[in-house]
Structure formats: C-alpha cells, structure tokens
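The values are calculated or read from the model by the stated rules, or taken from the named source; none is laboratory data. This structure is a prediction, so every number in the text was calculated from the model and none was measured. FYI the Cβ positions are ideal-geometry reconstructions off the backbone, even for glycines, and counts take in every protein chain you see. Accessible surface is based on the protein model in full, side chains and every heavy atom, while ligands, DNA and RNA are left aside. Shrake-Rupley method; radii C 1.70, N 1.55, O 1.52, S 1.80 Å.
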Amino acid sequence: MSELSLTVNGEKVTVAVEPRTSLADLVRENLNLTGTHLGCEQGVCGACTILVDGVPVRSCIGNATACDGASVRTIEDFDADPLMTELRAAFNAHHALQCGFCTPGMLVMARDIVLRLGEADEQRIRIELAGNLCRCTGYSGIVKAIRWVIVARQGARGELEQRPALPLGPAGSGHAKTGTDVSGATKATASSLRPDAELAARKPAPAPLGASGKKASAVRQSFLLDAPLPVVWQRFGEVPAMVRCIPGASLVSEAADGTYDIKMRIKMGPIGAEFAGTASQRRDDAMMAGVIHGAGRDTKSATLAEGELNYRLTAEGEGTRVDIEVSYLLSGALAQFARAGIVTHFIGAITAQFAANLGRSLSPEGAVGPIEDAGELRVAGSLGVALKAWLSELFRNPFRRG
Amino acid sequence: MKPSAYRYARPSSVAEAVRLLADSDGGGKVMAGGQSLGPMLNLRLAQPELVVDITGIGELASVREDKDGIVYGACVTHAAVEDNRVPDAANGFLARVAAGIAYRAVRNRGTMGGSLAHADPSADWMTTLTAVDAEMLIAGATGERRVALAEFMTAPFSVALDEAEFIVGIRIRRHSPAARFGYFKFCRKRGEFAEAMAAIVVDPAAGVSRAVIGATDSRPIVLPDISAYLPLSPERLEAAKAMVEGLGIAGEPIKDAMHANAFARALQQVKP
C-alpha cells in the first residue's frame, strides 16, 4: 500500500491504496463519491471524467499514486458552481440526458469547453465532446445545451473564472515526494496463484474453427524447402517437431488420443500473453495435405485463441513446395485491444518464422543446429537473418521502411 | 477492472530511474501520463512487476532550445503543445497535430514521450514526428544516446529501447518560415485510432520534401523525396494516389485506397 494525500472537493484527504489503484477507484471505493461513473475503464467512453488540478482527466486510467498531492474535483463538488448551475439548467431544458450514466462526465467536459474555448459553434462542440459517449440522447440535446450556455454567457462577459497557469507535464502529476523508495508488495508469481491442474481444467475442448460463428482471419504463405517430399510429409506428421518450429510454442504433454497439450508465449512490446491449450492434427495422405488445429486460453488477459494451420505439399524439383494458410480467431481482452491489421501482421511474422525454422530443421545443419527462438516470440529486434529475408520478401516495397 | 498488482516508484532523477529499471530485471515499465499504458494495465495485457513513474523528474516536463532546434521533455503533454504552452519547432504544425490526438481529457495527461514509447502504429506523433525527422534522446546505463525517430520503432508496440533505457526528450529541428506541412488521417470517429494517415513536410531551405505514411499495421513508411508531386496539379495528384496505392500497404483494396487518399489530402494542404 502507498499512502497519498489529495485535496478532494476542497477537503484534504489521506488514503492508503495499492499502487495499481486508479483515481476512479479511489474516489468511488475509498471516498464513496460514486457520482464518477465507470464505463469502459480504458479511456474511451468519458463517463469517468473528473477535474484534476482544474482540467478534465480520465479517472479510470489516471493512476492515483501518480497524482499524490493533486487537487481533484468530482461531480459532487459542483452544487454551488455558477457555471455548472447554468449547465444543469440547460441540460434539463434541452433534454440532454435520459439514463444519466454519461452525465457526470458530460457536465465536467461541457464546463471545460465553455471555460476553455469561450466561443464554440455546434461543430466545435461536437468535436470537443467526441470523447464522451452517450447511448440515449443522440447528442443533439447535449450539444444544444452547451451552445445555449455559451450564447447566454456572451451577453455577460467577464464572468469566466481565472484559468490556472497550466504545467507542461501530466495534469495531477509532479506534486509528490520523489526518490528511490518502491511501494507495493512484490507480486505473487502466476504459478503460485494458479496451479497447472486448474489451468488444465479450464482448457477449452477442441472444436472446429469458427464453431462460435465468428469469422476467422487468414494468412497465406508459400515457401520452398530444400528437402524431398516424403521427408517433409513425414515431418509435418510429427506434431512435437512442428511445435518446436513455432516461435514461442512448447509441448507440455502428449495424450493417448493423439492430442497434445501445448503452451504458446507471445510478446508484442509491453503486451505479453501465454496461451495454454491443446493441438491435434488430421492428415490426408492421398492429397498430401493436412490441418493442425490448436485452441488455447491466456488466463492473465482472459483471451481465447483458436487457430488452424492448413498445409498442402507438392514436389518441386528436388525440393518441396509448401502452401500454408493460417486462420485464427481471437476473443477477449487482446482481441479488444489489438486492431485486426496488427494481429494479421503479427501472425504473418510468426508464420514466416515458423517457415524459416522448419526449413532450418530439415537442412543437414538444422538437424543439430539451434532453432530460432525456443522461448518466446519477439517480433521486434531478435528476428533471425532468415526471417528478415522472409519478411523483406513478404513485405517488399520500393521505399525504405521506417 | 483492476490491473495486476505492481510495485511503484517515483524517482527524482533520470539516473535513479535508470537504476530502478536496471534493477528490475526486465519487470520494470516506465509510465509518464499513463494514457496508453493505463488501458493495457486495466485489460491486463501488460503486467509489469514495477511501474517507474517519471513525472517526478522535473527536467522531463520542460523545453529547452538550442541553436537550431527545440528539445521537448518526454513528459510534455499533448495539451501543452496544443495550447502553445511550448514553442512550436514546426510553425504551428505540432500544435495542430496535438489538437487531434484522442480527446482533451486524455491530452491533459498523455505525453509526447509516452506516445512514442508506446509505438502504436496509428498514433499521431509516430507518423508526424517522423515526418519532421525528430530525434529521440534516450537515457540508459551508459549515458544518453540519440536515435532518429525513423529508426526507433521496430514493430507494432515495439521500439529500440533496452530494458534500462527510456526516452528523456524529443529534439526537433527548427523549421524555416517557408516550411509547409500537410497532415491528414481517416478515423471512424473523431479521436479514435486512425485507419490511414499521411504527414508531409516540405522545407526548401533545408532541402526537405518528405512524406510519411502512418497507421500501417507496423512501422510508418518514409517516402524520402516527394518533390516530383509538387507543385500539385490534377495529374500529379492522381500520380501520387496511384503511387501510394501501388505500395499495397494493407494488401486489401479499401485500406490501400484510404492510404492513397490520406496522402492525396495531405498533399493538397501543401500550398506553393
């Protein structure tokens, strides 16, 4: 716990909170100021907007400890505020609310628009309000109410309050004592919290891809391997060897029914996830084609991933041509966060690295040589030379990147 | 929604911050305004062991000018740039870009350094500051080094920083009064992450005629010399669109057309 002092609605308060506590949770849970509403908790909906050091801030993504020493005003503090009184009357007159969930954030933002801009036409008001979502009104009443207050105030100039001199750094930050003290308890390790048996119990059963009705995305790649068709065909049949070629993936155990328990760790910048699940394979000897299906869950981010690797092999000269299509479905926090194109790019990079690793594992040196990245995938930085070649072919364009 | 538990430190100097990061054995994560990190913590996509809050380091929330450029401290907020609380090295272009980032309540805490370290492909600063050829000032265990922003982002959400390094400042060359700028982005909704974007800087005094295509699925794409399309004519505009569409950035026709049109609209803002 870290102890911090804030001025909340004019009163000095000292509270002890965990470092992970947001300003929103602090005012709601510790101070019982529940007028601050939580909608999305990722800075999108605006319902939690409060004033910190006089300016609007998203309290759901404002770390409370970082704002130690700041002055906070929540919707409860505006009863006697002249401008807020005008706004409340205008919201009432123009039917600017229905269920009221977004209203505390709307009012805080509306007040900022009037004070900061002085004059704003309808379009400007709509632009400034873009970060506050309302599901009831269609916004027109809210916009009219704010415009009404702006017009009314123009007849009574000089009433605008003095704006504080604003700092260059984040609003609310920079007040507190600094140093090398570290607050908060050391985190328990994931394994101590969740025994593997529990993980296994939560493992989703394999089902056909897209059984949920969602559309899967796909990445296609083709490459040549310098090994004869029968050798490559045999290798594709060995799931453990294939898993070793997938960056970040590792085999946990093999079941009697031909399914495999696998883990896959991915890393994209600060985002880390570890999927635990099962894999199985179906093959068609006549067609020289098969499909490896895998499904898993990352318990940390509550993300479900499901993927299929379809492959078809054809002899080409002395070697083998491999056509693969990786299709995948993501649901949960990671899917919510990562935009489709970025995920596709990421899967493309994994697929390219898989191809490079597979080629290396089949080459005479590869039989004994190391396979690129056994632990986890980092798309950046540690890409092997072979992968860079694959990628430059994959994403070739005439202009320099970056 | 609660982030996974983490420890928290608020160092008073760059050296202290570097030491905390170095001692964290890879579990440390720098936070400035926390407007990009916050959502990832809440969604538990990022689960750092230690958060190092750098907003207590006074010098990071300041600006200093040298002979031909301006160094913006990493903790200078988008709102400070939008409001012209800091000098604008690009004749008002930076303020214009800042005003379009997310929403005012986010801009009041979100910082230039934080946005660049987060390296979202669709973020405004990554594309526009690459266009003005910004330089990253990076502190680490062995002192300070500088990297061109064009070399800084390596993949989505990934940058060329080691575990004990962080951005302390962004240096931007002062542009000549004759410099002209263009910036256009397509967003489904104002303040949302962009679907396509392009930034253009033409500064004859410095021999610069550069465009950057952003909101790709990974790094921004630098077009180092677009002088062939200027001054703009209807034919050149079409050629410019065709050129960007020909890059096949997204690999699907609708998004490729959006990139081409974002570039065309940015180009149209560059008046002779």
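The set of residues in region B:35-76 being free of Cβ contacts under 8 Å to residues at least 12 places away in the same chain and either surrounded by 24 or more Cβ atoms within 10 Å (Cβ to Cβ) or farther than 30 Å from B:Pro177 by Cα (or both) consists of B:Gly38, B:Pro39, B:Met40, B:Leu45, B:Gly58. Test A:Ser363 against the stated conditions and say whether it is modelled with pLDDT under 85 and surrounded by 17 or more Cβ atoms within 10 Å (Cβ to Cβ). Against the criterion (modelled with pLDDT under 85 and surrounded by 17 or more Cβ atoms within 10 Å (Cβ to Cβ)), A:Ser363 does not qualify.
Determine if region B:18-32 includes at least one residue that is part of a loop (DSSP other than H, G, I, E, B) and within 16 Å of A:Ser173 (Cβ to Cβ). Yes, region B:18-32 has at least one match. Could you please find all residues in region B:156-200 being within 14 Å of chain A (Cβ to nearest Cβ), in contact with a Lys or Arg (Cβ under 8 Å, 6 or more places away or on another chain), assigned to a strand (DSSP E or B) and open to solvent by 10 Å² or more (accessible area, probe 1.4 Å)? Across region B:156-200, the qualifying residues are B:Ser158, B:Glu195. What's the number of the only condition in (1) open to solvent by 20 Å² or more (accessible area, probe 1.4 Å); (2) under 19 Å from the mean Cα position of the chain (by Cα); (3) touching a residue at least 40 places away in the same chain (Cβ under 8 Å); (4) facing another protein chain (nearest Cβ under 9 Å) that B:Val30 fails to meet? Evaluating B:Val30 over (1) open to solvent by 20 Å² or more (accessible area, probe 1.4 Å); (2) under 19 Å from the mean Cα position of the chain (by Cα); (3) touching a residue at least 40 places away in the same chain (Cβ under 8 Å); (4) facing another protein chain (nearest Cβ under 9 Å) leaves (4) as the failure.
For the criterion of being modelled with pLDDT under 90, surrounded by 18 or more Cβ atoms within 10 Å (Cβ to Cβ) and more than 14 Å from chain B (Cβ to nearest Cβ), A:Leu329 passes. Scanning region A:80-115 for residues that are out of contact with any helix residue (DSSP H, G or I) (no Cβ under 8 Å at 6 or more places or on another chain) and of a type outside the set (Phe, Trp, Tyr) returns A:Ala80, A:Pro82, A:Thr85, A:Ala89, A:Asn92, A:Gln98, A:Cys99, A:Gly100, A:Cys102, A:Gly105. Residues that are more than 14 Å from every other protein chain (Cβ to nearest Cβ) and open to solvent by less than 40 Å² (accessible area, probe 1.4 Å): find the strands (runs of 3 or more DSSP E) completely inside region A:1-99 holding 3 or more of those. Fully inside region A:1-99 and qualifying: A:2-8. Residues of region A:276-320 that are β-branched (Val, Ile, Thr) and in a strand (DSSP E or B): A:Thr278, A:Val291, A:Ile292, A:Thr303, A:Thr314, A:Thr320. Would you confirm, using the coordinates I've provided, whether A:Arg283 is surrounded by fewer than 21 Cβ atoms within 10 Å (Cβ to Cβ), within 14 Å of another protein chain (Cβ to nearest Cβ) and of a type outside the set (A, V, I, L, M, F, W, C)? It is false that A:Arg283 is surrounded by fewer than 21 Cβ atoms within 10 Å (Cβ to Cβ), within 14 Å of another protein chain (Cβ to nearest Cβ) and of a type outside the set (A, V, I, L, M, F, W, C). Pairing residues of region B:201-221 that are within 11 Å of chain A (Cβ to nearest Cβ) with residues that are aromatic (Phe, Trp, Tyr), at Cβ distances under 7 Å and at least 6 apart in sequence or on separate chains, gives B:Ala211/B:Phe263; B:Ile213/B:Phe263; B:Ile221/A:Phe399. Remark: pairs (first residue in region A:295-315, at positive phi; second residue open to solvent by less than 20 Å² (accessible area, probe 1.4 Å); Cβ separation under 6 Å; 6+ apart in sequence or on different chains) = A:Ala302/A:Ala333. Checking the stated criteria, A:Met109 turns out not to satisfy the condition of being out of contact with any strand residue (DSSP E or B) (no Cβ under 6 Å at 6 or more places or on another chain) and open to solvent by less than 10 Å² (accessible area, probe 1.4 Å). Which of the residues that make up region B:109-139 are within 21 Å of B:Arg64 (Cα to Cα) and open to solvent by 10 Å² or more (accessible area, probe 1.4 Å)? Matches in region B:109-139: B:Gly114, B:Ser115, B:Ala117, B:Asp133, B:Glu135. Within region A:109-138, the only residue that satisfies the criterion of being among the aliphatic types (A, V, I, L, M), over 14 Å from B:Lys189 (Cβ atoms) and not in a helix (DSSP H, G or I) is A:Ala120.
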